[in-house]
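The values are calculated or read from the model by the stated rules, or taken from the named source; none is laboratory data. These numbers were taken from a predicted model, which means no experiment stands behind them. Cβ sites come from the backbone with ideal geometry, for glycine too, and all protein chains shown count toward neighbours.
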Amino acid sequence: MRHILVSASLLLIAISTYGQSDNSPQPCTLKLSQAPAVRGVKLGMTVDELLPLFPGVSDSVNLKQALAAAEGFPRFGDATFSINPANWGNKERFAGISSYFIHTFDRRIIGLNVQYDGFPSGARWKSADDLIQRFSDSLHLPGPKEWGPDPYNPLKRLKCDGFEVAVSAGDQGSIGFYTSSWEGTKRERQAAFEEQKRREFKP
């Protein structure tokens, strides 16, 4: 499980730095509001909309701690947590998905990585393009030709209008979504917090 979480974390980090790459693929025209859902989970949905999809997960101690830690310094609304669908009911709906790694800001999803079961429980992919084609068909994303390679990670990327997508393949497939629209707000909160501490300082 720890390996899965680390892999998912790295994929979300890779997506978040996508705009800094000079090797940008062709952009797609989908807007953030059109980001596809993976079995009902998507960018932009709130934590309150997410939790009912996984009966009982709201009682998870780890989830409660992650959301509580998001308040104030040093996260200023930023939280990350994972959900293993097999542990929280409705197994048929999420068959084949080993975990969701979720990044929220102000209790709204701004980063999402979906890890599928690894081979031999799940599929082995000969190339990222093969998996991208399956996602294109089912999630109505652009086809492989519109995706570009990542110069630093073994995955392929798609830049849309307001969000980005990354897919990795091999013995375990995954797809990640990320939007950077929240980052300015977090920086403003950090700056305001630091300014408050300077004002409160007494020589």
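Annotations
- Residues that are in a strand (DSSP E or B), of a type outside the set (D, E, K, R), touching an Asp or Glu at 6+ places or on another chain (Cβ under 7 Å) and surrounded by 19 or more Cβ atoms within 10 Å (Cβ to Cβ) occur at least once in the range 92-102.
- Test: residue in the range 139-153 that is more than 27 Å from Thr46 (Cβ to Cβ), among the basic types (Lys, Arg) and modelled with pLDDT under 95: yes
- Members of the range 154-185 found to be within 16 Å of Cys28 (Cα to Cα), buried (at least 20 other Cβ atoms within 10 Å of the Cβ), in contact with a strand residue (DSSP E or B) (Cβ under 7 Å, 6 or more places away or on another chain) and not aliphatic (A, V, I, L, M), listed by number: Lys156, Arg157, Phe163, Glu164, Gly176, Phe177, Tyr178, Thr179
- Near pairs, Cβ below 9 angstrom, 6+ apart or cross-chain, from the range 114-125 (assigned to a strand (DSSP E or B)) to any residue that is surrounded by fewer than 16 Cβ atoms within 10 Å (Cβ to Cβ): Val114/Arg39; Tyr116/Gly96
- Among the residues making up the range 156-192, those that are more than 18 Å from Met45 (Cα to Cα), in a strand (DSSP E or B) and among the small types (Gly, Ala, Ser) are Ala166, Ser168, Ser174.
- Checking the stated criteria, Ser58 turns out to be free of Cβ contacts under 8 Å to residues at least 24 places away in the same chain and in contact with a Leu (Cβ under 6 Å, 6 or more places away or on another chain).
- In the set (1) out of contact with any Gly (no Cβ under 7 Å at 6 or more places or on another chain); (2) under 20 Å from Gly40 (Cβ atoms); (3) without any contact (Cβ under 8 Å) to a residue 40 or more places away in the chain, Arg198 fails one condition alone, (2).
- Of the helices (runs of 4 or more DSSP H) lying entirely inside the range 1-76, those containing at least 3 residues that are at pLDDT 95 or above and on the phi < 0 side of the Ramachandran plot are 47-50, 61-69.
- Any hit, the range 121-139, residues being within 27 Å of Asn62 (Cβ to Cβ), surrounded by fewer than 19 Cβ atoms within 10 Å (Cβ to Cβ), small (Gly, Ala, Ser) and within 14 Å of the chain's Cα centre (by Cα): no
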